[in-house]
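Inspection log for the structure reproduced underneath, given as structure tokens.
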Amino acid sequence: MAATQSMTCHGSRSSVASPAQKPFYAASGPSLPRLAPLLRPFLCAGLVVAIAAGCASRPANPDDPLEGYNRAMFDFNERVDKAVIKPVAVAYDAVAPLPVRSGIGNFFGNLGDLWISGNNLLQGKLSDGLSDVTRVLVNSTVGILGLFDVATEIGLAKHDEDFGQTLGRWGVGEGPYFVAPLFGPRTIRDAAALPLDLYFDSVWGVNHVPRNALTALRVIDTRARLLGVDRTLEEGTLDKYAFARDFYLRQRRYKVHDGHPPADDDSFDDTDDTTPRGAAEPRSDAPGRERRQGTPEQQAGPVEALR
């Protein structure tokens, strides 16, 4: 009897429990739909962290393997510029009349045409080299020591060449991107060419005292002409360093190939314009002031005008 009762109890217990038994994954507690409002803030926070981590980890740029050093040197150059050179350039721009600033710029441009002509000849561009020599002769005489750019007015175009471009024309690879102390953006090829550019620079060839004074004046005059670029770099991009780097590399390749870069160079679009898309235009000052011209690569090096 007891055995029968036990079996009945066990059988009834089993038969009663079976229909009501829940799967192992259906544990007691709030269901998933009820947990969703509680989990939503944590899911959102995790998503924000994931996005931030993705933005912080920039993929390495193959043109910039020295990015750690370059960013540090870029920041150093920026601080030197903001502390010393830019304030003097702002004062110079405010005090010196437009004719004076134009004359000073023309004077140094005329001196630079000598080395530009040499590089054009070294690159085999005889017509451009002879044109540069003629520019120097015309501006040094009719233009009164280069204070007036008469050569441009009569149709002799001004060129922009240096020994880094000459090496590129000869087939020397540009190498990694490199930020030189004070001189700003370069490539390894351009940095190697810089000493020769300085050696044949007309200003650096004079005696010590006049050379120092002329160099300081040229740096301040060039920096004053680039004041409008500050707005482009500060407001036109979130990463000032990357903007200056990409623009410099793009512009240098454009210059080395005389405006006709290789078709497989994906740093160029279908046009020949070297201005990055989305960049702000340099500011136009009050009436009576000339429009400031320049590029981010020049502004990023406080003494870029030395070469």
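Values in this text are rule-based calculations from the coordinates and carry no lab data. Quick caveat, the model's predicted, so the values are computed rather than measured. Note that each Cβ is placed from the backbone with ideal geometry, even for glycine, and that neighbours are counted across all protein chains shown.
The set of residues in the stretch 92-106 being out of contact with any Asp or Glu (no Cβ under 9 Å at 6 or more places or on another chain) and crowded, with 16+ Cβ neighbours inside 10 Å consists of Gly103 alone.
Could you tell me whether the stretch 234-241 includes any residue that is within 21 Å of Gly112 (Cβ to Cβ) and either touching a helix residue (DSSP H, G or I) at 6+ places or on another chain (Cβ under 6 Å) or buried (at least 18 other Cβ atoms within 10 Å of the Cβ) (or both)?
Taking the stretch 234-241 first, the residues within 21 Å of Gly112 (Cβ to Cβ) are none.
The answer is no; no qualifying residue exists.
Being under 18 Å from Pro195 (Cβ atoms) and surrounded by fewer than 17 Cβ atoms within 10 Å (Cβ to Cβ) is the filter here; which residues of the stretch 115-136 pass it? If the condition is that a residue be under 18 Å from Pro195 (Cβ atoms) and surrounded by fewer than 17 Cβ atoms within 10 Å (Cβ to Cβ), then Leu122 is the only one that fits. Sub-9 Å Cβ pairs linking a first residue in the stretch 176-188 that is under 18 Å from Arg250 (Cα atoms) to a second residue that is assigned to a loop (DSSP other than H, G, I, E, B) and polar (S, T, N, Q), at least 6 apart or interchain, are Tyr177/Asn61, ordered by first then second residue.
Does Gly164 count as out of contact with any His (no Cβ under 6 Å at 6 or more places or on another chain), closer than 19 Å to Gly112 by Cβ and assigned to a helix (DSSP H, G or I)? Here the answer is yes, as Gly164 does meet what is asked.
Inclusion of Thr141 among residues that are over 13 Å from Asn106 (Cβ atoms), touching a Leu at 6+ places or on another chain (Cβ under 7 Å) and without any contact (Cβ under 8 Å) to a residue 60 or more places away in the chain is not warranted.
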